[in-house]
Amino acid sequence: MSMETCGLDARCAGCIRRSDEQMEAAVADDVPNHYGGGNDLAGAIADSLRRAGKDMDRLTTADLATVDEFHIRARKATLELAQSLNLDAASRVLDIGSGLGGPARTLAETFGCHVTGIDITQAFCDAATALSSWVGLSDRVDFRQGDATSLPFDDAVFDAAMTIHVAMNIAAKDRMYAEARRVLKPGSRFVVYDVLQGEGGDILYPVPWARDSSISHLASPDSMPALLSHAGFRILKVEDSTEEGQRWFEEMAGRLAKSAPAVTFQAFLGNDFPAMARNQVINLRERRIRTVSYVCEA
Ligand SMILES: C[S@@+](CC[C@H](N)C(=O)[O-])C[C@H]1O[C@@H](n2cnc3c(N)ncnc32)[C@H](O)[C@@H]1O
């Protein structure tokens, strides 16, 4: 990436601002490229499901569960978090960093609410839209491309929001949480479930959210309360699920070693996925990472 400067003053405010903007633009491309770039993910997932003998006209959300809940402890974690969101069929929910849309569909199917997903990776938004139509949930979810640090919504329009395993890719967490607070109605709930830097040392790469440190920005457990409260949230509950996450990952890695399900995260992470899974087991076991959730009130 070239960064032209005026050449007159190393502290020139215009040059510093331009280079910051160029850095952010480069990173904004790096994250979608990491997650599968411009590939036809829905097509690849459909092929895998057909090869495994699934009838595409009778697909259920359970058939997608091994690929569309892209976080540690998968659907179980989503349902636990959802209990804190006070949802009913009238709720309008925002999923920040919605990926392939599994968590959004889980909430829409379970509570009858409407969920809008926003994600920086266009290929994920396209796939999330296609997967939702396969399981008949298109009228209760919608997905659009956008950046969590600059949400394309008016103030105070959502009744609840969640973000699951997303902030690991975002350096400007203060902007991300301030934006979440802005679009939520006062008194509504926000749940954050993220991978944090543990006390066991630097993480081993590749991991599912990054092949190296350039797009990995883990917060520490100590920094999270201030980040959330400065954004205007009151923290109601904190839960560290590292131990359960470790067991879940060990079991998943063991199952994958024996026989792979119809479709896995390999559909978009490619041949690096087995190494990512092995590293995650070590990262969790050695407490190089921790998984922690925060239930907040706006
Ligand atoms: C590990 S995936 C989790 C997806 C989903 N939340 C889930 O649990 O299934 C991380 C997601 O965060 C998205 N993401 C990363 N940085 C983002 C940003 N600045 N704005 C919006 N989405 C972002 C990625 O594109 C990816 O879909």
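Just so it is clear, none of the values below were taken in a lab; they were calculated from the coordinates. Predicted, not measured: the structure shown is a model, and the values here were computed from it. No Cβ is skipped: glycine too gets one built from the backbone with ideal geometry, and neighbour counts run over all protein chains shown.
Observations on the model:
- Cα gyration tensor category, rounded, prolate or oblate, for the stretch 235-298 with a/c compared to 1.5: prolate
- A simple spin-label model places pseudo-atoms 7 Å from Cα toward Cβ; at residue 33 and residue 156 they are separated by 4.2 nm.
- Among 218, 39, 120 the positive-end extreme of the charge dipole of the chain (Cβ point charges): 218
- Annotation: lysines with alpha-carbon distance below 30 angstrom to residue 237 (same-chain offsets under eight excluded): 76, 173, 185.
- Against the empirical curve 2.2 N^0.38 Å, the C-alpha radius of gyration of the stretch 75-215 lands at a ratio of 1.04.
- Computed from point charges on the beta carbon alone (+1 for Lys and Arg, -1 for Asp and Glu), the dipole magnitude for the stretch 55-180 about its Cα centre is near 280 Debye.
- Candidates per GluC sites (Glu not before Pro) in the stretch 185-269, loop by DSSP, up to 16 other Cβ within 10 Å: 199
- The chain shape via C-alpha gyration tensor axes, a/c threshold 1.5: rounded
- Shape category assigned to the stretch 169-289 from the gyration tensor of Cα positions, a/c cut at 1.5: prolate
- Relative contact order (%) - the stretch 111-179, alpha-carbon pairs under 8 angstrom, separation at least six: 33 percent
- Counted over the chain, the DSSP beta bridges are approximately 45% antiparallel.
- Note on the chain: helix-only mean residue ellipticity at 222 nm, from DSSP H runs of 4+ residues weighted -39500 (n - 2.57) and normalised by residue number, equals -13000 deg cm²/dmol.
- Backbone HN-Hα couplings from phi across the stretch 264-270 [Karplus 6.51/-1.76/1.60, Hz, Gly and Pro as x]: 10, 4, 4, 3, 10, 8, x
- Ordering 183, 282, 268 by Cα displacement along the dipole of the stretch 170-298 toward the positive end leaves 183 in first place; charges were set at the Cβ atoms of Lys, Arg (+1) and Asp, Glu (-1).
- If R0 equals 22 Å, the separation of the Cβ atoms of residue 138 and residue 60 corresponds to a calculated FRET efficiency of about 0.90.
- The chain - charge dipole about Cα centre, Lys and Arg +1 at Cβ, Asp and Glu -1, debye rounded to 20: 540 debye
- Efficiency of FRET from Cβ geometry, residue 199 and residue 110, R₀ 35 Å, rounded to 0.05: 0.50
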